[in-house]
1. Mind checking whether some residue in the stretch 48-63 is near the ligand (Cβ under 10 Å from one of its atoms) and in contact (Cβ under 8 Å) with a residue 24 or more places away in the chain?
2. Identify, please: which residue in the stretch 169-191 is over 16 Å from residue 255 (Cβ atoms), more than 12 Å from the ligand (Cβ to nearest atom) and touching a Phe, Trp or Tyr at 6+ places or on another chain (Cβ under 9 Å) and is, among those, least open to solvent (accessible area, probe 1.4 Å)?
3. Those residues that are assigned to a loop (DSSP other than H, G, I, E, B) and open to solvent by less than 30 Å² (accessible area, probe 1.4 Å), I need them from the stretch 323-360; list them, please.
4. Quick one: how many residues across the stretch 150-175 are in contact with a Ser or Thr (Cβ under 7 Å, 6 or more places away or on another chain) and in a helix (DSSP H, G or I)?
5. If you go through the stretch 56-110 one residue at a time, how many are over 30 Å from residue 450 (Cα atoms) and either open to solvent by 60 Å² or more (accessible area, probe 1.4 Å) or within 19 Å of the chain's Cα centre (by Cα) (or both)?
6. Restricting to the stretch 1-44, count the residues that are in contact with a strand residue (DSSP E or B) (Cβ under 7 Å, 6 or more places away or on another chain) and either within 16 Å of the ligand (Cβ to nearest atom) or hydroxyl-bearing (Ser, Thr, Tyr) (or both).
7. Criterion first (surrounded by fewer than 22 Cβ atoms within 10 Å (Cβ to Cβ) and under 25 Å from residue 172 (Cα atoms)) does residue 42 satisfy it?
8. Do we find that residue 119 is in contact with a Pro (Cβ under 7 Å, 6 or more places away or on another chain) and within 11 Å of the ligand (Cβ to nearest atom) in this structure?
Amino acid sequence: MPIRIGIIGAGSAVFSMRVVGDLIRTKELSGSEVVLMDIDEERLQAVEILANRLIDEFGSDLKFRKTASLEDAVKDSDFVINTALVGGHEYLEKVRVIGEKYGYYRGIDAQEFNMVSDYYTISNFNQLSYFVEVAKMISKLSPHAWLIQAANPVFEGTNLITRIMPDVKVVGFCHGHRGVFDIAKRLGLDISKLDWQVAGFNHAIWLNRFIYNGKDAYHMIEDLRDEHWKPQNPFDDQLSPMAFEMLDFYKMMPIGDTVRNSSWRYHRSFSEKLKWYGWPWGGADSEVGWQWYKEILKSIVNIVESLASFAKSSRDRIFTRENLEKFARGSDFPEEMFDEFFAIVEGKSGEQHIPFIKAITTGKAERLIVNVKNEGAIREIPNDVVVEIPAIVDDKGIHREKIDPPLNERVKKLYLYPRMMRMEMAVRAFLERDMSYIFEMLHRDPRTRSDGQVETVINEIVNLPENKKMREHYDMK
Ligand code: NAD
């Protein structure tokens, strides 16, 4: 069924080719128009060229076009995917460097239960403000549209949007729940016979159900403890000592990015991270692991740009495995990640954005892990807080599954409550234009030694030229 999709931040290293690859393979969306929007003309053009080339090579009657106008991408759309990172990774690094200068290892936004290196909740005013701008524009120009929130912070972002614009239909997505498949694979289980659930918040989800062939299989996870465990890459932490340490304390298995979001004790220093997340990276969020990731992102942008310029000069088929390998090698993309890269172009990205659009559009039900308002799904979490839970999606909308068995008390009270409190502070700061919440977050940070340290670090960040709007919003001179 032809629809219109707007993709904001379409030059995104992580998402663009995944979403485009998935779209091309989704025959049910034949005839649809996809408007690619980005402020980076070069990246945008490369993605548009490759999207059109994929159409030629794999046969599809989707129509892709690019625009630099947010309004153009949003107007009359049925779905708007927001994957933009305002200020890019450069801004995140700039702020991290300032934080480290004043004693905040990995930056002020690395906070307990939120240690993920591009999940800024304190210093990312421009990103949060853009989320709101996109939502407001949807409400004005295409009020029936779904807003699919892919850009981080998904937890703070979806909560902010639902509070400011309650009429906008927003859903957040993440691929962290795929950690369940890693566990199943390592246990040699057939995923089609697995009955599983995860629940919590974005980057804070826990395995509450793990039944195989009708029998509880949770105890089998114990067999995966391995004192000689070694990660394959910085993100490979689902079976790390950290994951089992969390299992021991919380009595439930943390899934996906949740393992990154452990408490202060495991993130005090690089040597501490190495111990829990494995040698040689110390997990994705250490200085070494994150550098690895940034290089991968740079390689992906290079591959996309080189492939696009090759596509302009050659009529040969470019999406062959041989050709992709050549470009991946030429851009120093790590060989052990090749299969993952090819899967993207083959339309098997594992992302949920396009399956969601397909389910809503065609009515063919899909089970997805969604970020939506709780509305009773997780007991003892307020109804209006956004949770990450399984749901059946069809043309009538999102139908939350009953979380059964429920999350245990330790997970709810010792992990979700404090994480929810941090979200509350970040969202309230924005809504009430009140910087004192941000100061308070830092005063509660165990790395803080004095009031002066908090004042200085915040002043330096707020006074960056790119934070002019932040200064105005908070009425700071
Ligand atoms: P990136 O910098 O490579 O891409 C972001 C894109 O946004 C760039 O092309 C940039 O030009 C564009 N952009 C910046 N400002 C814009 C604006 N005002 N309007 C339109 N476009 C704009 O970043 P990335 O590494 O691809 O990450 C993108 C986002 O996705 C981040 O927030 C990241 O944390 C998030 N992410 C989410 C998940 C998930 O599963 N939900 C996984 C990985 C990354």
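The values are calculated or read from the model by the stated rules, or taken from the named source; none is laboratory data. All of these numbers come straight from a predicted model, not from anything done at the bench. Don't worry about glycine lacking a Cβ; one is built from the backbone with ideal geometry, like all the others, and counts go over all protein chains shown. Areas reflect the complete protein model, heavy atoms only, side chains present, ligands, DNA and RNA absent. Shrake-Rupley method; radii C 1.70, N 1.55, O 1.52, S 1.80 Å.
1. No, the stretch 48-63 contains no residue that is near the ligand (Cβ under 10 Å from one of its atoms) and in contact (Cβ under 8 Å) with a residue 24 or more places away in the chain.
2. Among those that are over 16 Å from residue 255 (Cβ atoms), more than 12 Å from the ligand (Cβ to nearest atom) and touching a Phe, Trp or Tyr at 6+ places or on another chain (Cβ under 9 Å), it is 170.
3. The answer is 331, 333, 334, 347, 349, 350, 351, 352.
4. Within the stretch 150-175, residues that are in contact with a Ser or Thr (Cβ under 7 Å, 6 or more places away or on another chain) and in a helix (DSSP H, G or I) number 1.
5. Initially, the stretch 56-110 is screened for residues over 30 Å from residue 450 (Cα atoms), giving 56-86, 88.
Within this subset, residues satisfying the condition of being either open to solvent by 60 Å² or more (accessible area, probe 1.4 Å) or within 19 Å of the chain's Cα centre (by Cα) (or both) are 56, 58, 61, 63, 65-66, 68, 71, 75-76, 79-86, 88.
Selection size over the stretch 56-110: 19.
6. Qualifying residue count, the stretch 1-44: 13.
7. It is false that residue 42 is surrounded by fewer than 22 Cβ atoms within 10 Å (Cβ to Cβ) and under 25 Å from residue 172 (Cα atoms).
8. On the way: in contact with a Pro (Cβ under 7 Å, 6 or more places away or on another chain): yes; within 11 Å of the ligand (Cβ to nearest atom): yes.
So residue 119 passes the test.
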